[in-house]
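S.K.: Pasting in a structure now, in structure tokens, and then I'll have a few things to ask.
The values are calculated or read from the model by the stated rules, or taken from the named source; none is laboratory data. Since this is a predicted model, take the numbers as computed values, not measurements. Virtual Cβ from ideal backbone geometry, glycine too; neighbours counted across all protein chains shown.
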Amino acid sequence: MVKVVSSISEMLEDIKKERGIYPKIIGTSAKKYPQTISYKDMRDKIEKEDDIYLIMLGTGWGMPEELVVSCDYILEPILGPGEYNHLSVRNAAAIILDRLFGINR
Ligand code: SAM
């Protein structure tokens, strides 16, 4: 089911209403932050803990800084062989979902 809401707080309230708890928010970025977590540690949490999780991706400008710092976790940046690692959101989403839930991880 796809649902369109007008704000992040509305989305969080919607999830709380449906699932009974607020989700832990997983942010994504091309940069590292203090709450950056590895894919392995994030997979372990998703598999072992009773929390529910919401993965957020940014627009062409990335996620606003105030949103990033409010995330419970930030996935480690996807890196390539060179210095430039600013991927399109759809490419980043595909890699992130594969690393978290793909069968070859
Ligand atoms: N300058 C922005 C930044 O530093 O995040 C790039 C924005 S990128 C066009 C759009 C979104 O794709 C980002 O907000 C993030 O969700 C995701 N993304 C892009 N490159 C990424 C990377 N190397 N690692 C993790 N996520 C990435």
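S.K.: Condition test on Thr28, is it touching an Asp or Glu at 6+ places or on another chain (Cβ under 6 Å) and surrounded by 14 or more Cβ atoms within 10 Å (Cβ to Cβ)? Break it down stepwise before answering.
M.R.: Working: touching an Asp or Glu at 6+ places or on another chain (Cβ under 6 Å): no; surrounded by 14 or more Cβ atoms within 10 Å (Cβ to Cβ): yes.
So Thr28 does not fit the description; no.
S.K.: Out of (1) exposed (fewer than 13 other Cβ atoms within 10 Å of the Cβ); (2) touching a residue at least 40 places away in the same chain (Cβ under 8 Å); (3) of a type in the set (Ser, Thr, Tyr), what's the single condition that is false for Ser88?
M.R.: (2)
Matching residues to (1) exposed (fewer than 15 other Cβ atoms within 10 Å of the Cβ); (2) near the ligand (Cβ under 10 Å from one of its atoms); (3) closer than 30 Å to Gly80 by Cα:
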| residue | (1), (2), (3) |
| --- | --- |
| Val2 | yes, no, no |
| Gly20 | yes, no, no |
| Tyr33 | no, no, yes |
| Asp41 | yes, no, yes |
| Glu47 | yes, no, yes |
| Val69 | yes, no, yes |
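S.K.: In addition: Taking into account only those residues within the range 91-105 that are at pLDDT 95 or above and of a type in the set (Val, Ile, Thr), which is surrounded by the fewest Cβ atoms within 10 Å (Cβ to Cβ)?
M.R.: Ranking the candidates gives Ile95 first.
S.K.: Restricting to the range 71-97, what's the tally of residues that are closer than 18 Å to Lys45 by Cβ and more than 7 Å from the ligand (Cβ to nearest atom)? Show your work before the answer.
M.R.: Applying the first criterion (closer than 18 Å to Lys45 by Cβ) to the range 71-97 yields 71-76, 96-97.
Those still in the list that are more than 7 Å from the ligand (Cβ to nearest atom) too: 71-74, 76, 97.
Counting residues in the range 71-97 that are closer than 18 Å to Lys45 by Cβ and more than 7 Å from the ligand (Cβ to nearest atom) gives 6.
S.K.: Since Val2 meets every condition but one in (1) under 20 Å from Leu97 (Cα atoms); (2) within 17 Å of the chain's Cα centre (by Cα), which condition does it not meet?
M.R.: Failed condition: (2).
S.K.: Strands (runs of 3 or more DSSP E) wholly in the range 7-105 with at least 1 residues that are touching a Pro at 6+ places or on another chain (Cβ under 9 Å) and hydrophobic (A, V, I, L, M, F, W, C) - which ones?
M.R.: Values: elements: 24-27, 53-55, 73-75.
Once the strands (runs of 3 or more DSSP E) in the range 7-105 are filtered for at least 1 residues that are touching a Pro at 6+ places or on another chain (Cβ under 9 Å) and hydrophobic (A, V, I, L, M, F, W, C), what remains is 53-55, 73-75.
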